[in-house]
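The values are calculated or read from the model by the stated rules, or taken from the named source; none is laboratory data. Remember, it's a predicted structure, so these values are computed and weren't measured experimentally. Neighbour counts run over all protein chains shown; Cβ positions are idealised from the backbone, glycine included. What goes into the accessible areas is simple: the full protein's heavy atoms, side chains included, and nothing from ligands, DNA or RNA. Shrake-Rupley method; radii C 1.70, N 1.55, O 1.52, S 1.80 Å.
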Amino acid sequence: MKRRKFLSLGAVAAAATVIPASLSATDFRATAPKAWEAPTSKEAIEALFGSAAATEGKIEIKAPKLAENGGAVPIGIKSSVELTTIALFQDANPRSAVAVFELGDNGVVDMMTKIKMRKTANVTVVGKGKDGKLYSVVQRVEVSIGGCGG
């Protein structure tokens, strides 16, 4: 009898540690719709973060200088500061905004994703730090075969 009670309490404790108390995410398409319609990174960044100046050098972007296939361009992002939000933009497609990620506590970023680019253009990453400051990095990516039907 004690063994069954112990096992049932252990199962409840394990489930409580696996299931988060609450999940929440900001719907950036609803809160900043102009960012998703903007044709340039500059306009999308202003619509999402405002017109504050961004500091360079705290975020790194790892992308190929020449992407052979614009349909799947690998983009790596690292930060040396704690961020609350990080956003990815490109100027190759008709709409510049690609993705926005909200980060939890200790939001030091080390991530990888793939994006589509129809032509050669700049890729921009902007992060909002826990200190309220904006940090950014820009890298030009040459695309030999477009990823949007070109």
Where Rh is the Kirkwood radius over the Cα pairs of the range 28-143, the temperature 4 °C and the viscosity 1.567 mPa s, what D in µm²/s does Stokes-Einstein return?
92
Whole Å is fine, so just give me how far the alpha carbon centre of the range 60-94 lies from that of the range 98-125.
5
At 7 Å along Cα-to-Cβ for each site, give me the label-to-label distance between GLU102 and ALA25 in nm.
1.0
At a 1.4 Å probe, what is the % contribution of carbon and sulfur to the accessible area of the range 28-143?
48
Could you give the accessible area per residue of the range 28-143, probe 1.4 Å, as a whole number in Å²?
53
With 0.36 nm assigned to each residue of separation and the Cα-Cα distance removed, GLU37 to ASN69 gains 9.0 nm
Could you list the trypsin sites (Lys or Arg not before Pro) in the range 31-81 that lie in coil according to DSSP, counting only those with at most 13 other Cβ atoms within 10 Å of their Cβ?
LYS65
For LYS116, list the lysines whose Cα falls under 23 Å from its own Cα; do not include residues on the same chain fewer than 8 positions away.
LYS34, LYS42, LYS62, LYS65, LYS78
